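The values are calculated or read from the model by the stated rules, or taken from the named source; none is laboratory data. A quick note: this is a predicted structure, and the numbers were derived from the prediction, not measured. Reconstructed Cβ throughout: ideal geometry from the backbone, glycine too, with neighbour counts over all protein chains shown. The protein model used for the area step is the full one, side chains on, heavy atoms only, and it has no ligands, DNA or RNA in it. Shrake-Rupley method; radii C 1.70, N 1.55, O 1.52, S 1.80 Å.
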Amino acid sequence: MKHYHLTTFGCQMNAHDSERMKGMLEGIGYFEAGEQADADLILFNTCSIREKADSRFVAHLGHAKAVKATRPDVLIGVGGCWAQSVKDELFAQFPFVDVAFGPGQVHKLAEFLTSDSLTAQGFFEFEGFAGDLPSKRARDVQAWVQISVGCNMNCSYCIVPSTRGREVSRPFNTLVAECERLAADGVREVTLLGQNVNAYGRDLRVGGDRRPRRFSELLRAVDAIDGIERIRYTSPHPKDMREDVIRAHAELPALCEHIHLPLQAGSSRILKAMRRTYDRSRFMDRVALIREHVPDCALTTDIIVGFPGETEADFAETLEVVEEVGFDGAFTFVFSPRRGTEAASITEGLVGHEEKVERMQRLVEVVQRRGHERAQRFVGRALEVLVEGPSRTDSARLRGRSRHGKAVNFTGSARAGAMVEVEIHSASSQTLAGEQSLPARALV
Ligand code: SAH
Ligand code: SF4
Ligand code: F3S
């Protein structure tokens, strides 16, 4: 019996690719090991979005090297975005790696393992969808669905287009059939994944009816599936966030009241240098449209501080937008130069480390304060919560998520996967706390 151990880094896309890797490995007879020490195959699914991601991973790889020194038969495999981004130097720098593959080549792993050749091999083409492989889901009632791979945007700071290739949508009918299968298998919440989900379907000339599709059509088709009670997606791009998708949030019962709309920066000048293809007013206009059609919608975002050339005045604009919009939450990142990206070659106007840290502190303060204020609208309300398990901080309580994407800690009794109603008693910027409504009102 052979065992694998897989460590995953990075975004939901990677987490989902890992489910596919596991499904595929178990399809060829491997079992999952609890620890690296018990594995015949030590695998990593890597991320390269920021420098920190790289350095953290290289430390892990050092540990795997040490394992291999004591057990030379162990195979070491490295997949994902970091592998793709260093493909030319990978085997020279890390000679103990046996197999390496980019995000587009997950399927080659099985071929490698079942072939006789055991010389080190790398697979770095962009082809096929990991989403078509069998999957081992992490959760029973929640599932990710990959709707497209790659990204056709050209954000000047971002490594993803070079690690995941050009954007290709999976056929409409394939996706609907996948969601139907998931629903039949007990899944109640699906999260549709793509780097720019609202560009979905424009490239489609394949599948059932050989015509381009709109993302809103896909949302409608998934909403119509019996058993799918919640639909989420990530990430939309502000440039392509159109009224049909926004209205869908008001019209489709399963589509959650939460939109993650990455701002990146509040200054139009910096947005231009980032090649985001929208400016501050276009972003604000999208927010206004969302508030008009879905007033209670939670809005979250991603923000980068310290992009080259960002002045104090530019940064002040980011603070203004955060203040004005009142995001329910935000992921905040310090700019990190990535190999091969346009922004990494900018030499003028670089923001110093201390400046970046100081701006980050000021940003986080506003994000948290506004998030806290926004969260107060939930106090006193009864929210539908999908139970995920025991609370992380207090095992006597339960944890779940509201349709707005808020983590909810509550007292009550329900199994993971149940949909319950929770009366919210208090709210912080990160979590809501409350008590499950009387069993008579449980939503089952
Ligand atoms: N496709 C998604 C984002 C994927 S990366 C989108 O466009 O929204 C997730 C987030 O990481 C980005 O939104 C950005 O805020 C951040 N990020 C990407 N590259 C970065 C870099 N070089 N430095 C700092 N943050 C970065
Ligand atoms: Fe990167 Fe921009 Fe594509 Fe997002 S849209 S993955 S930030 S290039
Ligand atoms: Fe995701 Fe990291 Fe790749 S954020 S797309 S795994 S570089």
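Filtered by the rule that a residue be more than 16 Å from ligand 2 (Cβ to nearest atom) and farther than 24 Å from ALA66 by Cβ, the range 16-40 gives GLU19, ARG20, LYS22, GLY23, MET24, GLU26, GLY27, ILE28, GLY29. State all residues of the range 199-239 that are within 18 Å of the chain's Cα centre (by Cα), within 16 Å of ligand 2 (Cβ to nearest atom) and not in a loop (DSSP other than H, G, I, E, B); if no residue qualifies, say none. Within the range 199-239, ALA199, PHE215, TYR233, THR234, PRO238 qualify.
Just checking, which of PHE44, PHE31 is of a type in the set (Phe, Trp, Tyr) and surrounded by fewer than 21 Cβ atoms within 10 Å (Cβ to Cβ)?
Details: PHE44 fails: surrounded by fewer than 21 Cβ atoms within 10 Å (Cβ to Cβ).
Answer to the selection: PHE31.
Looking at GLY400, is it buried (at least 18 other Cβ atoms within 10 Å of the Cβ), over 30 Å from ARG164 (Cβ atoms) and out of contact with any Cys (no Cβ under 8 Å at 6 or more places or on another chain)? Yes; evaluated as a whole, the condition is true for this residue. Checking the range 129-139 against the condition returns a match, with at least one residue being surrounded by 22 or more Cβ atoms within 10 Å (Cβ to Cβ) and either in a loop (DSSP other than H, G, I, E, B) or within 16 Å of ligand 2 (Cβ to nearest atom) (or both). Scanning the range 152-162 for residues that are within 9 Å of ligand 2 (Cβ to nearest atom) and either part of a helix (DSSP H, G or I) or open to solvent by less than 20 Å² (accessible area, probe 1.4 Å) (or both) yields CYS155, SER156, ILE159, VAL160, PRO161. Out of THR277, THR300, which single residue is assigned to a loop (DSSP other than H, G, I, E, B), closer than 24 Å to HIS258 by Cβ and not small (Gly, Ala, Ser)? Exactly one of THR277, THR300 is assigned to a loop (DSSP other than H, G, I, E, B), closer than 24 Å to HIS258 by Cβ and not small (Gly, Ala, Ser), namely THR277. Looking only at the range 163-198, residues that are in a helix (DSSP H, G or I) and surrounded by fewer than 21 Cβ atoms within 10 Å (Cβ to Cβ) come to 9 in all.
Quick grid of which residues meet (1) touching a Leu at 6+ places or on another chain (Cβ under 8 Å); (2) closer than 23 Å to ALA248 by Cα:
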position: ALA288; (1), (2): no, yes
position: CYS297; (1), (2): no, yes
position: THR300; (1), (2): yes, yes
position: LEU319; (1), (2): yes, no
position: THR332; (1), (2): yes, no
position: ARG339; (1), (2): no, no
position: GLU342; (1), (2): no, no
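Yes/no matrix, rows are residues, columns are (1) of a type outside the set (Lys, Arg); (2) open to solvent by 20 Å² or more (accessible area, probe 1.4 Å); (3) over 14 Å from ALA273 (Cβ atoms):
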| site | (1), (2), (3) |
| --- | --- |
| PRO308 | yes, no, no |
| LEU319 | yes, yes, yes |
| GLU324 | yes, yes, yes |
| ASP328 | yes, no, yes |
| THR332 | yes, yes, yes |
| ARG338 | no, no, yes |
| THR341 | yes, no, no |
| ALA344 | yes, yes, no |
| GLY349 | yes, yes, no |
